[in-house]
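This report refers to the structure that appears directly beneath it.
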Amino acid sequence: KHSIPARESQRGGEVFPRPLTFPPPCGMMRVSSKKGGNFMNEPFAFYQQSADYVRARMPFEPQIAVILGSSLGPFAGQLQDPVEIDYSEIPNFLTSTAPGHAGKLIFGTLAGKRLVCLSGRFHSYEGYDFEQLTQPVRLLKLLGVRALIVTNAAGGVNERYRPGDFMLIADHIKLNGASPLRGRNVDEFGPRFFDVTRMYTPELRALAKTCAGELGIRVQEGVYFFMPGPQFETPAEIRAIRALGGDAVGMSTVTEALTAAHCGLPLLGISVITNLAAGMTGAAVTGEEVNETGAAVAGRFSRYLTKIVEEMDV
Ligand code: HPA
């Protein structure tokens, strides 16, 4: 079905092109279907293997999934009757390397809802290919979740934002790096070409705004601008991002949002503004500042997220 351009090259003693079969055999070994390019992605069965493992061990079918950003992990401590599954146990799954990211799924109930939290997320700066970054959200989709909440720490680019503010993500800009949906489309998840005009579900954003009002919590609404990191941005990049319409800048979230849009998963995105972006104050941007602000707002953030979970109709 797929015609792969013929390319004769020597790599590690192997002769390319090799005969390609699709779907590739899916045994107990890790199935990798990258041969001489990114034409192909893992087949649906690859994702099913991960989901089968988790499904056999999870206490219930979760309604809502929450991906916890840097320093926002304490939220998971609120779950009742938690059941944890380490990422390292899950077949065909990624391993978390970022500091402040624990690397486990945590199932539990909160405010009358069945939740699963990803404590520890995956970023392109760790070295993953963008296509690999579809895995967490595809796993959640196969576990049966009906809505996804993604959270992150981000730098404030909008001059009205203050460290400690929350920003509901209205939209994003990703000019760096490939789409996670690049390569052969996995039709079981969604169509080749897909709409992203409602990627950050407007109804969930409206609900989150109402919840903020009820709790007296200040929330911004803005555009998240993806930068690949791991370096923080240059002051010139931040000026460019502001001119292009970014309100906050960060190194995560967009691959998850695109994967959710592809498989039709309703999505709410919340950034915690942990610092003013590069060049906006005289000071350097540091990981310590990000973590300190994250820790300082953790209580307020958990209260806010709990209220949203309680009010969500899933
Ligand atoms: N830039 C990119 N990512 C971030 C920042 C920032 O200033 N703060 C927290 N995550």
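Any read-out appearing in this document is the output of simple, stated calculations on the displayed coordinates, not a laboratory observation. Quick caveat: nothing in here was measured; it's all calculated off a predicted structure. Cβ: placed from backbone, ideal geometry, glycine included. Neighbour counts: every protein chain shown.
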Would you kindly derive the ³J(HN,Hα) couplings of region 294-299 from the backbone phi angles with the Karplus curve 6.51 cos²θ - 1.76 cosθ + 1.60 (θ = phi - 60°), listing them in order in whole Hz, with x for Gly and Pro?
-> x, 5, 5, 9, 3, x
Extension gain (nm, one decimal) between Glu188 and Ala206, 0.36 nm per residue minus Cα-Cα = 3.5 nm
Sketch the reach of a paramagnetic label on Asp52 as a point 7 Å from Cα along Cα-to-Cβ, and name the residues of region 125-151 whose backbone nitrogen lies under 19 Å away.
-> 135-136, 138-144
For the chain, what proportion of DSSP beta bridges, expressed in % and rounded to the nearest 5, is antiparallel?
-> 40 percent
Theoretical FRET efficiency, 1/(1+(r/R0)^6), r = Cβ-Cβ of Arg162 and Ala45, R0 45 Å, to 0.05 | 0.40
Per-residue HN-Hα couplings for region 183-197 [Karplus 6.51, -1.76, 1.60; θ = phi - 60°; Hz; x = Gly/Pro] = x, 3, 6, 8, 4, 4, 8, x, x, 3, 9, 9, 7, 10, 6
For Thr201, Thr210, Thr151, order by how many other beta-carbon atoms lie within 10 Å, fewest first | Thr210, Thr201, Thr151
Is it possible to state the helix-based mean residue ellipticity at 222 nm for the chain, with each DSSP H run of 4+ residues giving -39500 (n - 2.57), the sum divided by total residues, to the nearest 500 deg cm²/dmol? What is it?
-> -8000 deg cm²/dmol
Work out the length of the dipole vector of the chain about its Cα centre, built from +1 on the beta-carbon of each Lys and Arg and -1 on the beta-carbon of each Asp and Glu, and round it to the nearest 20 debye.
-> 560 debye
List the residues whose amide H sits under 5 Å from the amide H of Gly164, counting only those 5 or more places along or on another chain, with H placed 1.01 Å from N in the peptide plane.
-> Ile273, Thr274, Asn275
Rounded to whole Å, sorted largest first: equivalent-ellipsoid semi-axes of region 165-267, Cα gyration tensor = 24, 22, 10
Compare the Cα positions of Asn275, Pro59, Tyr47 along the charge dipole of the chain (+1 at Cβ of Lys, Arg; -1 at Cβ of Asp, Glu; about the Cα centre) and return the one farthest towards the positive end.
-> Tyr47
Going by how many other Cβ atoms sit within 10 Å of their own, how do Met251, Met199 line up, fewest first?
-> Met199, Met251
About its Cα centre, what dipole magnitude does region 115-207 give when the only charges are +1 on Lys and Arg Cβ and -1 on Asp and Glu Cβ, stated in debye to the nearest 20?
-> 100 debye
In order over region 231-242: 3J(HN,Hα) from phi, Karplus 6.51/-1.76/1.60, θ = phi - 60°, whole Hz, x for each Gly or Pro, gives 5, 5, 7, 7, x, 5, 4, 5, 4, 5, 4, 5
Stretch gain in nm, segment Glu61-Arg300, where the contour uses 0.36 nm per residue and the Cα spacing is subtracted | 83.3 nm
Could you tell me the convex hull volume per residue, in Å³, taken over the Cα atoms of region 71-192?
-> 152 Å³
PRE zone check, label point 7 Å out along Cα-to-Cβ of Arg146, amide N under 17 Å, scope region 47-82, hits 60-66
Report the label-to-label distance for Thr197 and Asn291 in nanometres (one decimal), using points 7 Å from each Cα along the Cα→Cβ vector.
-> 4.4 nm
Given R₀ = 41 Å, FRET efficiency for Glu221-Asp129 by Cβ-Cβ distance, to 0.05?
-> 0.85
What length, rounded to one decimal in nm, is gained on full extension from Ala178 through to Thr234, with 0.36 nm per residue of separation minus their alpha-carbon distance?
-> 18.0 nm
Per the Debye formula with a single identical scatterer at each Cα and no solvent contribution, what log10 I(q)/I(0) holds for the chain at q = 0.11, 0.14 Å⁻¹?
-> -0.68, -1.07
Quick one: which residues, 5 or more positions from Phe225 or on another chain, have an amide H under 5 Å from its amide H? H modelled 1.01 Å from N in the peptide plane, none for Pro or chain starts.
-> Ile173, Asp247, Ala248, Val249, Gly250
